[in-house]
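Just below is one structure, and these are the notes that go with it.
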Amino acid sequence: MDYNNIIGHENITNSLKNAVKNNNIAHSYLFEGPKSIGKTKVAKIFAKTLLCKEQGVIPCNKCSSCLKFDSGNHPDVHIRLGEGATFKKEQIEEIQKSIKILPYEGYRKIYILQDIDKITKQAQNSFLKTLEEPPAYVTILMTVTNSYSLLSTIISRCQVLKFTPVESGKIVKELIKTYEKSREEAEVITSFSNGIIGKAIEIAKSEEFKKIREEVISIISDALSSDKVQIFTLSEFFMKQKEYIEEILDIIMIWFRDVLFMKELGENKFIINKDKIEMLLSQSIKLPRGKIHSIIQTISKAKSNILANVNYELTIEIMLLEIQGV
Ligand SMILES: [Zn+2]
């Protein structure tokens, strides 16, 4: 695995390559960005590069260090995950002890601390000392979804690299090349991924997503086509698929945005559900413009309510009633 396996994030990978080239490697790095966007992957390739015996800006993939790294058995790489999703003081103390031991092989030791969002204040205070004066042979790479939970004194001791959504074109290309999707399919999946490459790949590999999308579209159609359909029957699906609710609400949201585009512009390049044009067309004829807008608002409200842990069942029912009440 090397930088060629990273889709997008060229600004970040280039700055890491330059750091190696100019021998200007920071003691600690903080990789910040949404889940599944590629932070850990980039951190690992950077770690592999730093340990590579060829000492180039990219890993050689051939030396004993690179081979050990790929097999997951490099003695100078220490990957740590939070215990019970949080880093506690004891865990940081264990890392601090381990840091004091000299590297086995080369002259460098890498610590990768994954998902430090939920690190406790106590653990942060204790870790601060290490970040202030780590031994010269240590490089610390940390990943975080959002650094707001970290003390500013921690952040200021790290080089922060922010991961932003990957351009759609690059994701589409990857899905066609590696996952053998048709262009149409790849474009639909990419729209659902919000530029998060890991999410796009997960959707591409998931039969479940395909199934759920079909079901959701048919629920929308049922809700719209008859006022006799019991909301209760429809909401049952949402109870069962609670773990996918974010994706489901995205599907519904994107669907009604398509209906709106269809209403305003007719069939056009902004439509995402390109494989369902006829259905979109008939709904766009049936629904008044104001109604589509209010449905979109309700979905957006449902999304924030669910994130805020407002009563799930009630939120879903209100949303379905709004869609149904034509
Ligand atoms: Zn190597």
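Yes or no: segment 1-14 includes at least one residue that is closer than 30 Å to Asn194 by Cα, within 13 Å of the ligand (Cβ to nearest atom) and loosely packed, with under 15 Cβ neighbours inside 10 Å.
So in segment 1-14, the residues closer than 30 Å to Asn194 by Cα come out as 1-14.
Among the residues that remain, those that are also within 13 Å of the ligand (Cβ to nearest atom) are: 1-2.
Narrowing further to those that are loosely packed, with under 15 Cβ neighbours inside 10 Å: 1.
Yes.
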Out of the residues in segment 252-275 that are touching an Asp or Glu at 6+ places or on another chain (Cβ under 8 Å) and in contact (Cβ under 8 Å) with a residue 60 or more places away in the chain, which is surrounded by the fewest Cβ atoms within 10 Å (Cβ to Cβ)? Asp275
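Quick grid of which residues meet (1) within 19 Å of Thr315 (Cα to Cα); (2) touching a residue at least 60 places away in the same chain (Cβ under 8 Å); (3) out of contact with any Phe, Trp or Tyr (no Cβ under 8 Å at 6 or more places or on another chain); (4) among the small types (Gly, Ala, Ser):
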residue: Ile212; (1), (2), (3), (4): no, no, no, no
residue: Glu215; (1), (2), (3), (4): no, no, no, no
residue: Ser218; (1), (2), (3), (4): no, no, yes, yes
residue: Ser221; (1), (2), (3), (4): no, yes, yes, yes
residue: Leu224; (1), (2), (3), (4): yes, yes, yes, no
residue: Thr233; (1), (2), (3), (4): yes, no, yes, no
residue: Lys242; (1), (2), (3), (4): yes, yes, no, no
residue: Glu247; (1), (2), (3), (4): yes, no, no, no
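Of the residues Ala47, Ala26, which is outside any loop (DSSP other than H, G, I, E, B), touching a residue at least 60 places away in the same chain (Cβ under 8 Å) and at negative phi? Write out each step before concluding.
Values: Ala26 fails: outside any loop (DSSP other than H, G, I, E, B).
Exactly one residue qualifies, and that residue is Ala47.
Of all the helices (runs of 4 or more DSSP H) wholly in segment 77-187, which have at least 1 residues that are among the aliphatic types (A, V, I, L, M) and in the same structural domain as Leu67 (by TED's automatic domain parsing)? Spell out how you get there, then give the answer.
Working: elements: 89-99, 121-132, 152-155, 168-179.
Ranges flagged: 89-99, 121-132, 152-155.
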Scanning segment 59-73 for residues that are closer than 17 Å to Val42 by Cα and in a loop (DSSP other than H, G, I, E, B), which turns out nearest to the chain's Cα centre (by Cα)? Gly72
Take the conditions of a type in the set (A, V, I, L, M, F, W, C), away from the ligand (no atom under 15 Å from the Cβ) and out of contact with any strand residue (DSSP E or B) (no Cβ under 7 Å at 6 or more places or on another chain) and apply them to Ala26. Does it pass? no
Considering each of Leu280, Leu249 in turn, give the residue that is more than 27 Å from Val42 (Cα to Cα), touching an Asp or Glu at 6+ places or on another chain (Cβ under 7 Å) and part of a helix (DSSP H, G or I). Leu280
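Just to verify a result, which residue in segment 31-70, among those that are of a type in the set (Ser, Thr, Tyr) and touching a helix residue (DSSP H, G or I) at 6+ places or on another chain (Cβ under 7 Å), is farthest from the ligand (Cβ to nearest atom)? Walk me through it before giving the result.
To start, the set of residues in segment 31-70 that are of a type in the set (Ser, Thr, Tyr) comprises 36, 40, 49, 64-65.
Retained after the next criterion (residues that are touching a helix residue (DSSP H, G or I) at 6+ places or on another chain (Cβ under 7 Å)): 36, 49, 65.
Details: Ser36: 27, Thr49: 8, Ser65: 5 Å.
Ranking the qualifying residues of segment 31-70, first place goes to Ser36.
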Verdict on Ile220 being under 16 Å from the mean Cα position of the chain (by Cα) and buried (at least 19 other Cβ atoms within 10 Å of the Cβ): no
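The values are calculated or read from the model by the stated rules, or taken from the named source; none is laboratory data. Note that the structure is a prediction, hence the values are computed from the model and not measured. Reconstructed Cβ throughout: ideal geometry from the backbone, glycine too, with neighbour counts over all protein chains shown.
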